[in-house]
Amino acid sequence: MSKKTINIPLGSQHISLLEPVRFKFECENEKIITVDSDVGFVHRGIERACTTKFKFDAIGYVVARVCGLCAITHSLSYTAAIEKLLGGEITAKSKYLRILLLELDRIHSHMLCLSHTCENAGFEAMFMRIMGDRELVMEIQELLTGNRIQFDYISIGGVNRDISSEISKKIIANLYEVKQRALGYMDEFTNNWSLSLKFKGIGALSLDDAYMLNAIGPLARASGLNIDVRNEIEYLPFDEVGFKMQTHRDGDINARNLVRLNEIINSIEMCNNILEGLPEGAIFTKLKGKPKGEAVIRFEAPRGELMYYVKGNGTAMLERVRIKTPTFSCIPAFSHIFVGENYADAPAILASFDPCLSCTAK
Amino acid sequence: MFNLKKYRKKSPWILHYNAGSCNGCDIEILASLAPKYDLERFGVVNTGNPKQSDIFLVTGPVTLRSRERLVELYMQMPEPKVVVAVGSCSCTGGVFRDMYNVEDGVDRYIPVDVYIPGCAVSPELIIDGLVQGLEILEQKTKEMEKPLKLFKESTCEEGIVNRRDTALKVGKIDEKN
């Protein structure tokens, strides 16, 4: 056994990556010893443009373009911050519609992550199955908002489109189908022998490490850490619609997959509860004035906690918009998990984090 | 004998690079490869290797750090190749236009054959654009097969023979005369 190490780069352009990120692995034989990561390839300068180029009522649609997968969480967080500054109260119906879309977005994002993890582990058939079933969710998102990915559904004061009884029927029917499929995957992920070789016991993060390294989102919940912003905030009535914390103890890739699947099923329950008891009323209230003062808002994106800090000075231009994204907080935990694993498992481990680099670099 | 020209049209391989997009178009590309839209019925395979690919899908306005890699990937692809700009921001810059770290659009750096607008692009449009790209690929292949002909004398300056601009494709000479 030689002590010589080899440097293997992963990225910035790689088949297993959706977005440019570069990891430099230093390997001794098959084992990874140190990891160096570089995440700044997609930095565009959105925070700066929010204070110089756009007026405050347009920024809700600009910050949605920070990330395509959690677009709804970004625009919701910004809008909630502005509503806090303007001091208006929005209607109950628009609050429930916001949660509905937030949870639909979470379902499709988690399904994408699961399918991508399977593809990177070499299970192409599972990738195709999950991506095919994901279209059921995309269909109802298109019905509800008019677009598949960038919804532009939330505006300051409410939401932009109303829901009709046909749409809600279609949503319930499709979500029932998705739930059956998700239960099927649950069986597959727990019992399939060849998937267990790739997922069980690989890329494990212990509870102490998750706490020490400040992991958030499904990554932390898979290690048994009870953190979910939906449990802690009061702007939106998450406890009324049946939110339940999903955790697991193992902390490996399999645990992350199961946490995501459980969250999908919980989100479907929440959507059904919302559609059952949707209150009547307007979907939009006009809020007047210009934002003045500071506001901090937190929301649970599909990947973890998202924080917005907004500072206004009473004019149409804001003074500062600060975005802290979930993947950025998780990078120390990512680097820690890679150490000691085989290089061959690196793409699957990376996909199981569900990294969002365009969020991170903004 | 294995006939490359015949099969290139039947099975174009794509290379995908994200030059600073918001992920929206990238997951729509994945979705169009998935069973519902099924781009693979045209023989499309997603490769990570520029040296084996025919169609280059670029998403995103080009950020300052990704432009070198973009040009590098373009240069490594063999001729004939087609560049498809996917999404409003890769066509013109979109919402990111005039931000400080962004070059507005892909066509500042590499020649683009097909522009697909939309934020985010729908999979139907991606399929449409790729099929149009296939026609362009076929045209380019035919263009490459045409022989070159010298239409003027090479110049000689200070003992160095300069053959610059002496050769043209056969069809173009007829237009010129």
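The values are calculated or read from the model by the stated rules, or taken from the named source; none is laboratory data. From a predicted model like this one, the values you see are computed outputs, not experimental measurements. Note: ideal-geometry Cβ built from the backbone for every residue, glycine included; neighbour counts use all protein chains shown. Keep in mind that these areas ignore ligands, DNA and RNA; they rest on the heavy atoms of the full protein, side chains included. Shrake-Rupley method; radii C 1.70, N 1.55, O 1.52, S 1.80 Å.
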Total charge of the residues flanking B:K81 in space, meaning their Cβ is under 10 Å from its Cβ, with Lys and Arg +1 and Asp and Glu -1, is -2
Looking at the square roots a ≥ b ≥ c of the eigenvalues of the Cα gyration tensor of region B:47-98, which shape do they give, rounded for a/c under 1.5, prolate if a/b is larger than b/c, or oblate?
prolate
Helix B:123-145 vs. chain B, principal-axis angle (Cα, 0 to 90°, nearest 10):
10 degrees
Given a Förster distance of 25 angstrom, what is the FRET efficiency for B:D107 paired with B:E40, based on the Cβ-Cβ distance and rounded to 0.05?
0.30
Most fluctuating residue given options B:I29, B:I136, B:I110, as computed from a GNM of chain B linking Cα atoms under 10 Å:
B:I110
Roughly speaking, what is the centre-to-centre gap between region B:74-91 and region A:187-247 when only Cα atoms are used, to the nearest Å?
39 Å
Which cysteines does chain A leave without a neighbouring Cys Cβ under 4.7 Å?
A:C27, A:C50, A:C70, A:C113, A:C118, A:C271, A:C330
For region A:58-165, what is the per residue volume of the convex hull drawn over the alpha-carbon atoms, in cubic angstrom?
93 Å³
Give me the percent of the accessible area of region A:246-362 that comes from carbon and sulfur atoms, probe 1.4 Å, all protein chains in place.
50 percent
Is the shape of region A:6-361 best called rounded, prolate or oblate, per the rule: a/c under 1.5 gives rounded, else a/b larger than b/c gives prolate, else oblate, with a ≥ b ≥ c the square roots of the Cα gyration tensor eigenvalues?
oblate
Within 10 Å of each Cβ in peptide A:78-88, how many partner chain Cβ atoms are there on average? Round it to a whole number, please.
0
Expressed in nanometres to one decimal, the distance between label points 7 Å along Cα→Cβ at A:D187 and A:I172 is 2.6 nm
Could you tell me which of the pairs B:K51/B:K146; A:K179/A:K244; A:K84/A:K290; A:K84/A:K244 are separated by over 18 angstrom between their Cα atoms in the structure shown?
B:K51/B:K146; A:K84/A:K244
What's the magnitude of the charge dipole for region B:91-159 around its Cα centre, counting Lys and Arg as +1 and Asp and Glu as -1 at the beta-carbon? Answer in Debye, nearest 20.
120 debye
One finds, for A:A344 and B:K51 with R0 = 25 angstrom and r their Cβ-Cβ distance, a FRET efficiency to the nearest 0.05 of 0.60
How big is the charge dipole of region B:1-88 about its Cα centre, in debye rounded to the nearest 20, if each Lys and Arg gets +1 on its Cβ and each Asp and Glu gets -1 on its Cβ?
340 debye
Point-charge dipole on Cβ atoms (K/R +1, D/E -1) for chain A, about Cα centre, debye to 20:
1180 debye
The answer for chain A, counting only DSSP H helices whose Cα atoms cover 20 angstrom or more along the axis and whose Kyte-Doolittle average is -0.5 or greater, is A:71-86, A:92-120, A:124-145, A:165-191, A:253-276
Under a 1.4 Å probe, counting only protein heavy atoms, B:E40 has an accessible area in Å², nearest 10, of 80 Å²
Helix B:67-76 versus the longest principal axis of chain B: what is the Cα-based angle in degrees, 0 to 90, to the nearest 10?
60 degrees
Loop-resident sites, region B:1-88, for chymotrypsin sites (Phe, Trp or Tyr not before Pro), counting at most 13 other Cβ within 10 Å (DSSP):
B:F2
How many nm separate the modelled label positions at B:V131 and A:K288, each set 7 Å beyond the Cα in the direction of the Cβ?
5.4 nm
Nitroxide proxy distance, nm - points 7 Å out along Cα→Cβ at A:V296 and A:D36
3.4 nm
If you take each beta carbon of peptide B:94-102 and count the beta carbons of other chains within 10 angstrom, what is the mean?
6
From the residues A:I253, A:Y211, A:A222, which one has its Cα farthest along the dipole of region A:198-262 in the positive direction, the dipole being from +1 and -1 charges on Cβ of Lys/Arg and Asp/Glu about the Cα centre?
A:I253
DSSP beta bridges in chain B [antiparallel fraction, %, rounded to 5]
35 percent
So which residue, out of B:G105, B:G60, B:G94, gets the largest mean-square fluctuation from a GNM of chain B using Cα contacts under 10 Å as springs?
B:G94
Separation of alpha-carbon centers, region A:31-100 and region A:256-272, rounded to whole Å:
23 Å
Centroid-to-centroid separation of region A:108-157 and region B:103-177 [C-alpha atoms, Å]:
37 Å
Peptide ranges B:44-53, A:171-180, B:118-127 listed from the most packed, as the mean C-beta count within 10 angstrom indicates:
B:118-127, A:171-180, B:44-53
When the label point is put 7 Å from the Cα of A:S165 along its Cα-to-beta-carbon vector, which residues of region A:277-306 have a backbone N closer than 16 Å?
A:277-281
Dipole-positive endmost among A:S77, A:N313, A:Y176 within the protein assembly as shown (Cβ charges, Cα centre):
A:N313
If you take the accessible area of B alone plus A alone and subtract the pair, what total do you get in square angstrom, rounded to 100, with a 1.4 Å probe?
3300 Å²
Quick one: if you take sqrt(5λ) for each eigenvalue of the C-alpha gyration tensor of chain B, what semi-axes come out, biggest first, whole angstrom?
33, 22, 14
Enumerate the residues in region A:329-362 having an amide nitrogen under 13 Å from the point lying 7 Å beyond the Cα of A:I8 toward its Cβ.
A:339-350
Computed over region B:80-152, protein heavy atoms only, probe 1.4 angstrom, the accessible area per residue in square angstrom equals 48 Å²
Positive end of the dipole of chain B, charges at C-beta (+1 Lys, Arg; -1 Asp, Glu), about the Cα centre: which of B:C91, B:I136, B:I29 has its Cα farthest in that direction?
B:I136
Which shape class, rounded, prolate or oblate, goes with region A:100-229 when its Cα gyration tensor gives a ≥ b ≥ c as root eigenvalues, a/c under 1.5 marks rounded, and past that a/b bigger than b/c marks prolate?
oblate
